[in-house]
Amino acid sequence: MRRKIWRLTIGLVLLLLLLTFTPFVIPMGSHHPHLFGIPYTMWMGFAEALILLALTYLGTKVHPGRDE
Amino acid sequence: MLNLLLIIGTLYVLALVYLTWIARDNDRSSANYLMAGSNVGSFLGLFTFAATLFSTFTILGMPDFFRVHGVGAWIFIAVSDMFMVFGILMVGYYVRRKIKESNTSYYGMAGFMQHCYRSRTAGIVVFLGAFLFLIPYVAIQIKGVVLFLDQAFPNKLPIWLWASLMLIIMVIYSELGGLKAIMYSDVLQGILLLLVIWVIGIVCLNRLGGVSQMFEQVHRVDESLLSVPGPKGLFDFQFLLGSLIGIVMIPFTQPQVSTRLVIMKSHHALYRTAVALGFFAILVILPTLFIGMYGAVHYENDSTADFLGKTLITDQLPLIGVLVLLGLIAAAMSTADSQIFGLGAEIRSLLKGEDDHALRSTRGAILIFAVICLVFSLFSPDELVLLARLSFTGTALLAPMIFLGIFSKEAARCSWMPWLTMLAILLFILSSFNIIPNKLGQIRTDLILLISLGGIAVIAGYGSGSRRVSGKSQGANF
């Protein structure tokens, strides 16, 4: 089970990697929609950084080498 | 203000002396001097990783990058750093396991690659790559701080003397206390860096009236700062991708970071450090956004030096201004000492023979590297962020060769890989100086080189029977 979650974590990180370079994260020349007055790429980039941090934390719990 | 700097600066130097004193050890072996006994816990690990990674580039470079190129700078550095942190977790384990399984004494990636490829060329290529791209980076950091000091205290000391003083202090505590002294000072320097950058960040944010007000004012100045690619079109897909690859590879290709990966006392300690480092990265980079946006609103058309001088010093209370200067010096020293020391460790990893003799040569090499950095800092250009990126990308070219060495059972069969890497480094340097085109068609040369080398390494790895370094064998701790 732990190995499956580890692979899922890697999969999610790779998905985020792909999304980073699409208009989903960096729409060229557009800063809408704003969130609390923050332009799109900024708040989306911040959210992405937090998600990656959370995935890294999850990864430490299920990493195959955790028991060594 | 100079008197205040002298007082607080003296206290800071005394703190460094104290830390060097407690780091001193009777055991003067290479394992202890260069690798701190490979017994580093997660608290020390966090600060030493953080202080080594976040340098002058963070305090001086990032605010200016936000000011000139806009919010895309967050993707360029913060998001890339988060992928790097996950990379430490994902690949760091296998690097440590491979080293453990090799039953060799690890002092540096150069020596380890020499072992993996059973080829001296492999070791030399890794060392040369690190040397070629780290020396300019160390030099530019010192130069950045020295120019700043010169601007804050015009005609008090010549530039070469500021630079020499910094390097002399660094070399003294590095030579006396070894890596342990560097890591203890990293704790002090990391805390100082975080404190200073947040104080300035909060001051700037308050003056702009809060987060949404800040972006509103930036919108009025230049709307294109709020999206990619930014006003000058820098943050296009290729630039961001190349930067991300370069940054993610830092822990495996830059000796000052790869050493820290290896010397953690356990995998657990490394994992905890990785998560804390990610948190630290967000904490450090966020206030540089506030400082940069403040600059975009108030100092839109100023030069970089004027913007930084006004925002970080003139607009602040004298005590804060002095703390900024000290924070800058600390940031430059904490990265530069580790990089120079890391290059020394790489030399040690290539040396054979009696440990005492090899360590003496290594300490001599550290001194020579410091002098080279000093000379370089007096003559280098002052494009801080772009030279930092050159350093990330340049050392990233070593990554395919290093990963092939780590993940392949039979790396020795691929003895051509170090030569190919050397060729790629040469082409990258030529393209950086515009001697050959820096784009082929629409694609950047550095990206072509990185992807080609990576692809070749993957194919060669499968061809020579690659494996994931087994996680099933016995033993764990280093």
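Could you list all residues from segment B:250-266 that are within 14 Å of chain A (Cβ to nearest Cβ) and either in contact with a Leu (Cβ under 8 Å, 6 or more places away or on another chain) or surrounded by 24 or more Cβ atoms within 10 Å (Cβ to Cβ) (or both)? Passing the criteria: B:251, B:261, B:264.
Only one entry of B:312, B:234, B:277 meets the criterion of being in contact with a His (Cβ under 6 Å, 6 or more places away or on another chain) and either buried (at least 24 other Cβ atoms within 10 Å of the Cβ) or not acidic (Asp, Glu) (or both), and that entry is B:234. Cβ-Cβ distances below 6 Å connect the following pairs, each with a first residue in segment B:204-226 that is under 15 Å from residue B:298 (Cβ atoms) and β-branched (Val, Ile, Thr), a second residue that is at pLDDT below 95 and surrounded by fewer than 16 Cβ atoms within 10 Å (Cβ to Cβ), and a separation of six or more residues or different chains: B:221/B:300. Exactly one residue out of B:370, B:345 is under 21 Å from residue B:121 (Cβ atoms) and either of a type in the set (Gly, Ala, Ser) or not in a helix (DSSP H, G or I) (or both), and it is B:345.
Apart from one condition, residue B:21 fits all of (1) surrounded by 15 or more Cβ atoms within 10 Å (Cβ to Cβ); (2) more than 17 Å from residue B:265 (Cβ to Cβ); the exception is (1).
The rows are residues; the columns are (1) closer than 28 Å to residue B:309 by Cβ; (2) at the interface with another protein chain (Cβ under 10 Å from one of its Cβ atoms).
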site: B:156; (1), (2): yes, no
site: B:172; (1), (2): no, no
site: B:177; (1), (2): no, no
site: B:204; (1), (2): yes, no
site: B:226; (1), (2): yes, yes
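Against the conditions (1) at positive phi; (2) at pLDDT 90 or above, residue B:36 satisfies every one except (2).
Among residues of segment B:134-152 that are in the same structural domain as residue B:253 (by TED's automatic domain parsing), those with a Cβ under 7 angstrom from a residue that is buried (at least 24 other Cβ atoms within 10 Å of the Cβ) and not in a helix (DSSP H, G or I), sequence gap 6+ or separate chain, pair up as B:134/B:254; B:141/B:55. Select from segment B:375-387 the residues that are surrounded by fewer than 19 Cβ atoms within 10 Å (Cβ to Cβ) and assigned to a helix (DSSP H, G or I) and write down the one among them that is modelled with the highest pLDDT. So the residue we want is B:375.
Would you check if residue B:330 is assigned to a helix (DSSP H, G or I), modelled with pLDDT under 85, buried (at least 21 other Cβ atoms within 10 Å of the Cβ) and in the same structural domain as residue B:126 (by TED's automatic domain parsing)? Taking the combined requirement at face value, the residue satisfies it. Are any residues in segment B:156-171 hydrophobic (A, V, I, L, M, F, W, C) and buried (at least 17 other Cβ atoms within 10 Å of the Cβ), and if so, which ones? Selection gives B:162, B:163, B:166, B:167, B:169, B:170, B:171. Taken over segment B:436-448, the criterion of being among the hydrophobic types (A, V, I, L, M, F, W, C), loosely packed, with under 15 Cβ neighbours inside 10 Å and modelled with pLDDT of 90 or more is satisfied by B:436, B:443. Of the set (1) touching a residue at least 60 places away in the same chain (Cβ under 8 Å); (2) within 30 Å of residue B:56 (Cβ to Cβ); (3) not in a loop (DSSP other than H, G, I, E, B), all apply to residue B:106 but (3). Does residue B:124 satisfy being assigned by TED's automatic domain parsing to the domain that holds residue B:262, assigned to a helix (DSSP H, G or I), at pLDDT 95 or above and touching a strand residue (DSSP E or B) at 6+ places or on another chain (Cβ under 9 Å)? So residue B:124 does not fit the description; no.
For residue B:217, the test of being more than 8 Å from every other protein chain (Cβ to nearest Cβ) and modelled with pLDDT of 95 or more is passed. Cβ separations smaller than 9 Å between residues 6+ apart or across chains give the following pairs from segment B:354-369 residues that are free of Cβ contacts under 8 Å to residues at least 24 places away in the same chain to residues that are of a type in the set (A, V, I, L, M, F, W, C) and in a helix (DSSP H, G or I): B:361/B:347; B:365/B:343; B:365/B:347. For segment B:132-155, the condition of being buried (at least 24 other Cβ atoms within 10 Å of the Cβ) and closer than 16 Å to residue B:261 by Cα holds for none of the residues.
Let's see how each residue does on (1) aromatic (Phe, Trp, Tyr); (2) surrounded by 19 or more Cβ atoms within 10 Å (Cβ to Cβ); (3) at positive phi; (4) within 18 Å of the chain's Cα centre (by Cα):
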{"position": "A:12", "(1), (2), (3), (4)": "no, no, no, yes"}
{"position": "A:15", "(1), (2), (3), (4)": "no, no, no, yes"}
{"position": "A:18", "(1), (2), (3), (4)": "no, no, no, yes"}
{"position": "A:31", "(1), (2), (3), (4)": "no, yes, no, no"}
{"position": "A:39", "(1), (2), (3), (4)": "no, yes, no, no"}
{"position": "A:45", "(1), (2), (3), (4)": "no, yes, no, yes"}
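With respect to the stated conditions, residue A:6 fails to be closer than 26 Å to residue B:288 by Cα and either among the aromatic types (Phe, Trp, Tyr) or in contact with a Cys (Cβ under 7 Å, 6 or more places away or on another chain) (or both). Scanning segment B:148-179 for residues that are farther than 19 Å from residue B:376 by Cβ and assigned to a helix (DSSP H, G or I) gives B:151, B:152, B:172, B:173, B:175, B:176, B:177, B:178, B:179. A Cβ distance below 8 Å, combined with a sequence gap of six or more or placement on separate chains, defines the contacts here; from segment B:159-184, residues that are closer than 16 Å to residue B:364 by Cα reach residues that are polar (S, T, N, Q) in the pairs B:172/B:20; B:173/B:20; B:173/B:185; B:176/B:20; B:177/B:20; B:178/B:32; B:179/B:259. Give me the residue from segment B:276-301 that is in contact (Cβ under 8 Å) with a residue 40 or more places away in the chain and not in a helix (DSSP H, G or I) and, out of that set, farthest from the other protein chains (Cβ to nearest Cβ). Among them, the one singled out is B:299.
Conditions (1) at the interface with another protein chain (Cβ under 7 Å from one of its Cβ atoms); (2) out of contact with any helix residue (DSSP H, G or I) (no Cβ under 9 Å at 6 or more places or on another chain); (3) assigned to a loop (DSSP other than H, G, I, E, B), marked per residue:
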residue: A:9; (1), (2), (3): no, no, no
residue: A:22; (1), (2), (3): no, yes, yes
residue: A:30; (1), (2), (3): yes, no, yes
residue: A:43; (1), (2), (3): no, yes, no
residue: A:52; (1), (2), (3): yes, no, no
residue: A:55; (1), (2), (3): yes, no, no
residue: A:58; (1), (2), (3): no, no, no
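The values are calculated or read from the model by the stated rules, or taken from the named source; none is laboratory data. Keep in mind that what you see is a predicted model, and the values were worked out from it rather than measured. Neighbour counts run over all protein chains shown; Cβ positions are idealised from the backbone, glycine included.
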